[in-house]
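**Student:** Next up is a structure, given as structure tokens.
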Number of protein chains: 2
Amino acid sequence: MTSETAEFMSLRKAAADFAWEGVARHPYKDAEAGPFRAISRQILFSDPRLDGELRYFEIEPGGFSTLERHAHMHGVMILRGCGQCLIGMAVHTLNPHDLVMIEPWTWHQFRASAAEPLGFLCLVNSARDKPCLPNVEEFALLRANPAVARFLDGA
Amino acid sequence: MTSETAEFMSLRKAAADFAWEGVARHPYKDAEAGPFRAISRQILFSDPRLDGELRYFEIEPGGFSTLERHAHMHGVMILRGCGQCLIGMAVHTLNPHDLVMIEPWTWHQFRASAAEPLGFLCLVNSARDKPCLPNVEEFALLRANPAVARFLDGA
């Protein structure tokens, strides 16, 4: 490997507005994989020699991620803006640099505020299962909690 | 698990000056593990069910991490301040949100600027080898490059 190649591979400078040189901004996920709104995904570190991946998700004002759960865990750090998340039956307000740990099989969803985007880093295992969406009964159980229902309604 | 317990475990709010509720600020490493100066370590995500760890290191103005290499990789994101890093034979200037990938067995060191701290996130595999320090011949080879020598001297 020449030093030019090493240099190119080893550094990706931050650009304006939470973009990075050589990092593509992707759709959050396939449209059929569940309801979501106004969210993008950038893969910051993913390599066969790394057992974890670091991604950057950004939700536009008023947008939200899919309400889902799965066997794998998430370690999240908020990078910009503000919003809320649902973890299990608890709704949390989120500000820059807050840390969120999402345990296996815990329902979770992120929402940006109406006025600001919500951008966050997400650490996951490179090998992981696919998310599950709530069925009718599970969704009703979540909505039975008034604070959770208000969160799910974006109210 | 009660919802209070889940809430406690799932959120760690950011505090002032890059600290977090419930996260301890540790020494960087044991003093005998190599030369370094004015650097602290906070473990943000480390869990038996996560294959990767996310740590936050902060180097005070004028401080530096150990010059070392190892089989495992680092994925680094700068969070605050400015400084420089050596990766192989290349010296890079670092600013907030820059991404640095350190390949296996690549010599690397981070230095804060004289005026500002340098704080960065570091993604590593949970299972990883111990770092190696340069021997006399390896150190001489690095110093033979004038830009590398200036970096190592903190000049």
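Each reported figure results from applying straightforward, stated rules to the coordinates on display, with no laboratory input. Bear in mind that the values here come from a model prediction, so they are computed numbers and not experimental data. We place every Cβ from the backbone using ideal geometry, glycine too, and count neighbours over all the protein chains shown.
Per-residue answers, yes or no, for (1) within 13 Å of another protein chain (Cβ to nearest Cβ); (2) free of Cβ contacts under 8 Å to residues at least 24 places away in the same chain:
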site: A:P61; (1), (2): no, no
site: A:A71; (1), (2): yes, no
site: A:I78; (1), (2): yes, no
site: A:I87; (1), (2): yes, yes
site: A:T93; (1), (2): yes, yes
site: A:L99; (1), (2): yes, no
site: A:P104; (1), (2): yes, no
site: A:H108; (1), (2): yes, no
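**Student:** Provide a single number: the residues in segment A:91-104 that are farther than 24 Å from A:D153 by Cβ and over 13 Å from the mean Cα position of the chain (by Cα).
**Tutor:** Residues flagged as farther than 24 Å from A:D153 by Cβ and over 13 Å from the mean Cα position of the chain (by Cα) within segment A:91-104 amount to 4.
**Student:** I need the full set of residues from segment B:6-36 which are more than 25 Å from A:L94 (Cα to Cα) and out of contact with any Asp or Glu (no Cβ under 8 Å at 6 or more places or on another chain), in order please.
**Tutor:** Once the filter is applied, which keeps residues that are more than 25 Å from A:L94 (Cα to Cα) and out of contact with any Asp or Glu (no Cβ under 8 Å at 6 or more places or on another chain), segment B:6-36 yields B:H26, B:P27, B:Y28, B:K29, B:D30, B:A31, B:E32, B:A33, B:P35, B:F36.
**Student:** Quick one: how many residues across segment B:104-155 are in contact with a strand residue (DSSP E or B) (Cβ under 8 Å, 6 or more places away or on another chain), closer than 23 Å to A:L121 by Cα and of a type outside the set (S, T, Y)?
**Tutor:** 10
**Student:** Hey, can you tell me all the residues within segment A:70-107 that are under 22 Å from A:A14 (Cα atoms) and either of a type in the set (F, W, Y) or in a loop (DSSP other than H, G, I, E, B) (or both)?
**Tutor:** Once the filter is applied, which keeps residues that are under 22 Å from A:A14 (Cα atoms) and either of a type in the set (F, W, Y) or in a loop (DSSP other than H, G, I, E, B) (or both), segment A:70-107 yields A:C82, A:N95, A:P96, A:H97, A:D98.
**Student:** Quick one: count up the residues across segment A:121-155 that are more than 12 Å from every other protein chain (Cβ to nearest Cβ) and either part of a helix (DSSP H, G or I) or not charged (D, E, K, R) (or both).
**Tutor:** Going through segment A:121-155 one residue at a time, the tally reaches 21.
**Student:** Considering B:I87, B:I59, which residue is under 25 Å from A:F45 (Cβ atoms) and under 12 Å from the mean Cα position of the chain (by Cα)?
**Tutor:** Only one candidate qualifies: B:I59.
**Student:** Still on this model: Output the number of residues of segment A:34-86 satisfying the condition of being within 20 Å of A:A16 (Cβ to Cβ), among the small types (G, A, S) and surrounded by 16 or more Cβ atoms within 10 Å (Cβ to Cβ).
**Tutor:** 2
**Student:** Further question: In the list B:R41, B:R37, B:R49, B:R25, which residue meets the criterion of being in contact with a strand residue (DSSP E or B) (Cβ under 9 Å, 6 or more places away or on another chain), within 22 Å of B:A127 (Cβ to Cβ) and more than 10 Å from chain A (Cβ to nearest Cβ)?
**Tutor:** After applying the criteria, what remains is B:R41.
**Student:** Considering (1) closer than 29 Å to B:L11 by Cβ; (2) away from every other protein chain (no Cβ under 14 Å); (3) in a loop (DSSP other than H, G, I, E, B); (4) not acidic (D, E), say which one B:A114 fails and leave the rest.
**Tutor:** (1)
**Student:** Exactly one condition in (1) away from chain A (no Cβ under 11 Å); (2) surrounded by fewer than 19 Cβ atoms within 10 Å (Cβ to Cβ); (3) under 22 Å from B:E116 (Cβ atoms) is false for B:A14; which is it?
**Tutor:** (1)
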